[in-house]
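To start, the structure under review is shown below, and the notes come after it.
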Amino acid sequence: MWFKPFRTMFFSDYRREEVRAMWKKISLLRMIIDPRHWAEYPWFIRFLWWNKIGQVAPDFELPLARGGKLRLSELRGRPVAFMFVALTCPPAMIQVKRWAALREQFSENQVALFLIYSRERHPGEPGYREFHHTRTDGEKMANARKLSQETDLPVLVDGVDEKVLELYGKVPNPAFVIDSEGRLAFFSTWADASGVEAVLKRLVVAAH
């Protein structure tokens, strides 16, 4: 069962007050002049056609912030949904709370849900003065552990080399749903809990 991907360069599904709060945390000027930001724009275009619905999802194994490791292919037999996040990505942090509700809706036997800690998006900007771009896997793991204290969702940690993020396309907060056979059923350039929920409901029903 495949679903039309949600391709857009602009995040959506946020209330007006949430969007205002996001803009207070980041610097528009830095987004324009910081090479780290404008170097990502070509990835948005590439991402729009990078992933193909129905393809076998690229496999990966990553450490968990609370210890141990997880390999995507070991979750075959049930749908999987994950998104890339960072403490300094405002829309991602709103989605973390919304994805917590997804975990309450679907049992672990029905759906595997997790987060992948990605690159810091706006460190040093108005809402994130205490953060900097991580330079080592240890620094990244430390931030991922901070996030794991705020959510019950498993938090996997991509390395500073960003190999897994690159496998799926280097956009800030993408989400992916993998079917029980390990194939890409849905993806969006920005994580949207409501869209992921609709897809998972249909996959769970189809599995029974």
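With the condition kept exactly as written, say whether any residue in region 125-148 is within 19 Å of LYS52 (Cα to Cα), surrounded by fewer than 22 Cβ atoms within 10 Å (Cβ to Cβ) and touching a Pro at 6+ places or on another chain (Cβ under 9 Å). The answer is no; no qualifying residue exists. Scanning region 179-208 for residues that are without any contact (Cβ under 8 Å) to a residue 60 or more places away in the chain, in a helix (DSSP H, G or I) and closer than 15 Å to SER107 by Cα yields LYS201, VAL205. For region 62-112, the set of residues classified as farther than 29 Å from ILE26 by Cβ and within 15 Å of the chain's Cα centre (by Cα) consists of LEU72, VAL80, ALA112, listed by residue number. Taken residue by residue, region 111-132 has at least one member that is over 30 Å from PRO42 (Cβ atoms), modelled with pLDDT of 95 or more, not acidic (Asp, Glu) and not in a strand (DSSP E or B). Among the residues here, TYR168 qualifies as among the aromatic types (Phe, Trp, Tyr) and either under 15 Å from the mean Cα position of the chain (by Cα) or surrounded by 21 or more Cβ atoms within 10 Å (Cβ to Cβ) (or both). When every residue of region 26-34 is checked against the conditions, none turns out to be farther than 26 Å from LYS146 by Cα, of a type in the set (A, V, I, L, M) and surrounded by 15 or more Cβ atoms within 10 Å (Cβ to Cβ).
Considering every residue within region 137-148, establish whether at least one is farther than 24 Å from LYS25 by Cα and part of a loop (DSSP other than H, G, I, E, B). The answer is no, given that none of the residues of region 137-148 is farther than 24 Å from LYS25 by Cα and part of a loop (DSSP other than H, G, I, E, B).
Screening ILE116 against (1) touching a Phe, Trp or Tyr at 6+ places or on another chain (Cβ under 6 Å); (2) surrounded by fewer than 22 Cβ atoms within 10 Å (Cβ to Cβ); (3) of a type in the set (A, V, I, L, M) leaves a single unmet condition, (2).
For region 25-45, the set of residues classified as within 22 Å of the chain's Cα centre (by Cα) and basic (Lys, Arg) consists of LYS25, ARG36, listed by residue number. Only one entry of GLU18, GLU40, GLU108 meets the criterion of being under 29 Å from ALA142 (Cα atoms), free of Cβ contacts under 8 Å to residues at least 40 places away in the same chain and among the charged types (D, E, K, R), and that entry is GLU108.
The values are calculated or read from the model by the stated rules, or taken from the named source; none is laboratory data. Just so it is clear, the model here is predicted, and its values are computed rather than measured. Reconstructed Cβ throughout: ideal geometry from the backbone, glycine too, with neighbour counts over all protein chains shown.
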